[in-house]
1. If I histogram all Cα-Cα distances within region 10-58 using bins 5 Å wide from 0, what percent of pairs lands in each bin?
2. Please list 32-44, 9-21, 48-60 highest first by mean number of surrounding beta-carbon atoms within 10 Å per residue.
């Protein structure tokens, strides 16, 4: 079931991506990498806590060898 409006304090993958200014695939990648955890929903329609999404947004992301560095200006 797709939520029109998720429960208070929770975000769908799409809403979490909009909140962070990234693509939904990035949110799924953060989950896979352990940066963000699901708090409910179903396997195909997970929900995330707003506070967890905000923490993941500003968390230091691990890098891989050879990955392009982003210059902070």
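Each reported figure results from applying straightforward, stated rules to the coordinates on display, with no laboratory input. Quick caveat: nothing in here was measured; it's all calculated off a predicted structure. When we count neighbours, we look across all protein chains shown, and the Cβ atoms used for this are built from the backbone with ideal geometry, even at glycine.
1. In whole percents, the pair-distance histogram is 5, 27, 40, 25, 3, 0.
2. 9-21, 48-60, 32-44
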